[in-house]
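Have a look at the structure below before the remarks.
The values are calculated or read from the model by the stated rules, or taken from the named source; none is laboratory data. Since the structure is predicted, the reported quantities are computational estimates derived from the model, not experimental observations. Cβ sites come from the backbone with ideal geometry, for glycine too, and all protein chains shown count toward neighbours.
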Amino acid sequence: MRTHGPLMFHELAPYYDALLAGKDYRAEVSQLESLARRFGRSGGRGWLDVACGTGRHLELLRARHSVMGVDRSAEMLRVARERLPGVRLVRGDMQSFDLHRRFDVVSCLFGAIGNVPTVHGVRRTIANFARHTRPGGVLLLEPWIDPADYSIGFLHEMHSDDPATKVVRMVYSDRRGNRSVTRGHYLVGVRGRGVRHLEETDVRLMVPHRAIAGMMRGVGLHPRIFRRGLRGDRALIVATRPLTGRP
């Protein structure tokens, strides 16, 4: 089977958490909360996670915050709703969703903004994040890879080894101008149902991180770029909205 778009966010959503079993969500949440306390001045505990996926960050954040989530994948939200009963989770596009309220912290992690297909769309997305951030609040954005840092020919493997279900993901990186091209192969084996092979080509827009910071300044935010972010190998942009002024 050949498809275009992130299979992990759709058909393979039920296996997403198993494939990312080694991801230290607790450490990431601790760091995110520390940054929110350090830079935030709004005084509240409302937290919006955009591209929330299966809700692993929200699951930990809800202990100390009033949380909401947005994601465009119905399949990922289905998993998140099972994990987070009572939490409002909204299906929407990060460029255009409107929750009619503002939050003390808005987060968008794991390079999800790379799925926005155009620079104009990224600019719209940043403006939308700013509109949902309270005065004195904080935007925590983990951008997709800076084009200056992207490597062609990189191989990466992930696997889940459950007795009843086994999933293997192997990807190879390529490039098309300012777009990363990840060619992925999946083997999905389910006891009693056999093994499937799936392929995908995942294309994402790479925008220089300084350009993203410039977009943030253009909508009244004050950004700081941390080159070594949550996992030490990806950047994190922390942008504050002043207590007074726009947007």
Inside segment 15-52, the number of residues satisfying the requirement of being at pLDDT 95 or above and at positive phi is 1
Trp144 meets each of (1) surrounded by 23 or more Cβ atoms within 10 Å (Cβ to Cβ); (2) under 18 Å from the mean Cα position of the chain (by Cα); (3) in a strand (DSSP E or B) with one exception, condition (3)
By residue number, the members of segment 42-69 that are in contact with a strand residue (DSSP E or B) (Cβ under 7 Å, 6 or more places away or on another chain) and over 27 Å from Thr244 (Cβ atoms) are Ala51, Cys52, Gly53, Gly55, His57, Leu58, Leu61, Gly69
Cβ pairs under 6 Å, 6+ apart or interchain, first in segment 185-205 and over 18 Å from Glu157 (Cα atoms), second surrounded by fewer than 10 Cβ atoms within 10 Å (Cβ to Cβ) and of a type outside the set (Val, Ile, Thr), ordered by first then second residue, are Arg191/Ala164
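So that you can scan it fast, the table gives a plain yes or no per residue for (1) of a type in the set (S, T, N, Q); (2) crowded, with 20+ Cβ neighbours inside 10 Å:
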position	(1), (2)
Thr118	yes, no
Arg134	no, yes
Leu140	no, yes
Gly153	no, no
Glu157	no, no
Thr182	yes, no
Met206	no, yes
Looking at segment 46-61, can you tell me whether even one residue there is over 19 Å from Arg231 (Cα atoms) and out of contact with any helix residue (DSSP H, G or I) (no Cβ under 8 Å at 6 or more places or on another chain)?
yes
Among residues of segment 54-79 being closer than 17 Å to Asn115 by Cβ and in contact with a Leu (Cβ under 6 Å, 6 or more places away or on another chain), the residue surrounded by the most Cβ atoms within 10 Å (Cβ to Cβ) is Gly69
query = Has segment 107-114 got any residue that is farther than 18 Å from Pro14 by Cβ and surrounded by fewer than 15 Cβ atoms within 10 Å (Cβ to Cβ)?
reply = no
Among strands (runs of 3 or more DSSP E) entirely within segment 1-92, at least 2 residues that are in contact (Cβ under 8 Å) with a residue 24 or more places away in the chain and over 26 Å from Leu221 (Cβ atoms) occur in 2-4
Only one of (1) under 13 Å from Leu12 (Cβ atoms); (2) in the same structural domain as Arg234 (by TED's automatic domain parsing) does not apply to Val190, and that is (2)
(request) Would you be able to say whether some residue in segment 165-174 is modelled with pLDDT of 90 or more, in a strand (DSSP E or B) and touching a helix residue (DSSP H, G or I) at 6+ places or on another chain (Cβ under 7 Å)? (result) yes
Considering residues that are touching a strand residue (DSSP E or B) at 6+ places or on another chain (Cβ under 9 Å) and modelled with pLDDT under 95, the number found within segment 204-234 is 4
Exercise. Tell me, please, whether a residue that is in a loop (DSSP other than H, G, I, E, B) and within 16 Å of the chain's Cα centre (by Cα) can be found in segment 119-141.
Key: no
Residue match in segment 120-129 (condition: touching an Asp or Glu at 6+ places or on another chain (Cβ under 6 Å), modelled with pLDDT of 95 or more, within 23 Å of Arg204 (Cβ to Cβ) and crowded, with 17+ Cβ neighbours inside 10 Å): no
